[in-house]
1. Looking at (1) modelled with pLDDT of 95 or more; (2) closer than 23 Å to Ala112 by Cα, find the lone condition where His168 falls short.
2. Go through Tyr33, Tyr55 for me and flag whichever is farther than 22 Å from Glu342 by Cβ, among the aromatic types (Phe, Trp, Tyr) and surrounded by fewer than 18 Cβ atoms within 10 Å (Cβ to Cβ).
3. Please go through the stretch 34-57 and give me each residue that is out of contact with any Ser or Thr (no Cβ under 7 Å at 6 or more places or on another chain) and farther than 23 Å from Lys6 by Cα, ordered by number.
4. From Ala274, Ala290, Ala252, which residue is surrounded by 15 or more Cβ atoms within 10 Å (Cβ to Cβ), modelled with pLDDT under 60 and at negative phi?
5. Given Phe121, Phe145, Phe125, which one is of a type in the set (Phe, Trp, Tyr) and either within 17 Å of Asn199 (Cβ to Cβ) or open to solvent by 50 Å² or more (accessible area, probe 1.4 Å) (or both)?
6. State whether one or more residues within the stretch 201-208 are among the acidic types (Asp, Glu), at pLDDT 95 or above, under 30 Å from Ile309 (Cα atoms) and in a loop (DSSP other than H, G, I, E, B).
7. Do any residues in the stretch 213-226 that are closer than 12 Å to Arg324 by Cα have Cβ atoms under 9 Å from those of residues that are among the hydroxyl-bearing types (Ser, Thr, Tyr) and crowded, with 21+ Cβ neighbours inside 10 Å, where the two are at least six apart or on different chains, and which pairs are they?
8. Whether any residue in the stretch 103-117 is farther than 30 Å from Glu42 by Cβ and surrounded by fewer than 15 Cβ atoms within 10 Å (Cβ to Cβ) is what I want to check.
Amino acid sequence: MSTPLKFAYWVPNVSGGLVTSTIEQRTDWGIDYNRRLAQTAERVGFEYALSQVRYMASYGADHQHESTSFSLALLLATERLKVIAAVHPGLWHPGVLAKWVATADHLSGGRAAVNVVSGWFKDEFTSLGEPWLEHDERYRRSEEFIRALREIWTSEHAELRGDFYRIHDFDLKPKPVEVPGRPHPEIFQGGNSTAARRNGGRVADWYFSNGKDYEGFTEQVEEVRAHAREAGRTVRFGLNGFAIARDTEREAREQLREIIAKANRPAVEGFRDAVQQAGSSTGDKRGMWADSSFEDLVQYNDGFRTQLIGTPEQIADRAIEYKRRGADLLLLGFLHFQEEIEYFGEKVLPIIREKEAELSEREPALVAGS
């Protein structure tokens, strides 16, 4: 029997919502709103939340709360929700982060996780006096960073002699909480580039994909799995999507049309200019946002491409197809977070669970007939 599809939501700890548009977004980047939102998400069936990381104003996100401290606040406000804090190598030392996660893990009963972000916003590094590495070097540093985290969490005498980090006979105590089936806090990493896919297969527990259609997602899964096989390991897959669930398809499509029609054009174009070097700076011209259109970038992780837009039944069908193609988790953004997460949990998730049960019933017959 297959494992149920898991669901995560983007924590709106950054001002401006999840779309760069002047459309009304009934959401709030403050802590009170986000505590209530985390409790709602947990109650209706979401298992994970991802806190964003921005260190300075950029492209419609004028204000932002730091991701790790915000994640801890949400962990302490919930009982089951796992909260993933996005972190930048180059702005964190892996030993310091390993210590922070271990403490957060104990305070939350084993629910802390990290998303290692190699970085796309040059000004966040240079404004703080930190070097801005070339694209593939940023991912090489991230690979070492992840290896360092895992070594520190699992070894009594951690050792690492890398090009970016040196660790010698370091013993972290206490280690993270022992959770059945989890050797250490979960490590997520995303990206679309060749370097990101290689890292995902070789060192990450989870690989996050930007928004993709069926074929684009399938191609990423196959490539990352190949890297994982070469390394003698397995990896799970998360897919970003922006969900617009409405009672009718017409309502959902009209909502998408209005979001794009009211796009904050200067902010979207500024973001596009900043991020499209992520693909063009790689040797094979493949990377995050390398082929994103203006409309795609109104949701700044290509969430519209996943097309989780329509009635609960239509969205459930699409989610099941992504699961068939390798998705273990869907990471969702919403226009009006509080009410739409509740709607998704009450209207969409039950249909997905019904369809998963139907699939499981058919699996033995398919195996017998093969």
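The values are calculated or read from the model by the stated rules, or taken from the named source; none is laboratory data. This one's a predicted model, so the numbers in the text were calculated from it and none came from an experiment. For neighbour counting, all protein chains shown are included, and Cβ atoms are generated from backbone atoms with ideal geometry for every residue, glycine included. Heavy atoms of the whole protein, side chains included, go into the accessibility calculation; ligands, DNA and RNA do not. Shrake-Rupley method; radii C 1.70, N 1.55, O 1.52, S 1.80 Å.
1. Every condition holds for His168 apart from (2).
2. Numbers: Tyr33 fails: farther than 22 Å from Glu342 by Cβ.
One residue alone meets the criteria, Tyr55.
3. The first filter runs over the stretch 34-57 and keeps only residues out of contact with any Ser or Thr (no Cβ under 7 Å at 6 or more places or on another chain), leaving 34-37, 40-41, 43-50, 54-55, 57.
Across the stretch 34-57, the qualifying residues are Arg54, Tyr55, Ala57.
4. Working: Ala274 fails: modelled with pLDDT under 60; Ala252 fails: modelled with pLDDT under 60.
Ala290 is the lone residue from the list that is surrounded by 15 or more Cβ atoms within 10 Å (Cβ to Cβ), modelled with pLDDT under 60 and at negative phi.
5. Working: Phe121 fails: either within 17 Å of Asn199 (Cβ to Cβ) or open to solvent by 50 Å² or more (accessible area, probe 1.4 Å) (or both); Phe125 fails: either within 17 Å of Asn199 (Cβ to Cβ) or open to solvent by 50 Å² or more (accessible area, probe 1.4 Å) (or both).
Testing whether each residue is of a type in the set (Phe, Trp, Tyr) and either within 17 Å of Asn199 (Cβ to Cβ) or open to solvent by 50 Å² or more (accessible area, probe 1.4 Å) (or both) leaves just Phe145.
6. Start the filter on the stretch 201-208 by keeping residues that are among the acidic types (Asp, Glu), which leaves 205.
Cutting the leftovers down to at pLDDT 95 or above gives us 205.
With under 30 Å from Ile309 (Cα atoms) added as a condition, the list becomes 205.
Those left that are additionally in a loop (DSSP other than H, G, I, E, B): 205.
Yes, the stretch 201-208 contains a residue that is among the acidic types (Asp, Glu), at pLDDT 95 or above, under 30 Å from Ile309 (Cα atoms) and in a loop (DSSP other than H, G, I, E, B).
7. Tyr214/Tyr322; Phe217/Ser209; Phe217/Thr306; Phe217/Tyr322; Val221/Tyr207; Val221/Ser209
8. No, every residue in the stretch 103-117 fails to be farther than 30 Å from Glu42 by Cβ and surrounded by fewer than 15 Cβ atoms within 10 Å (Cβ to Cβ).
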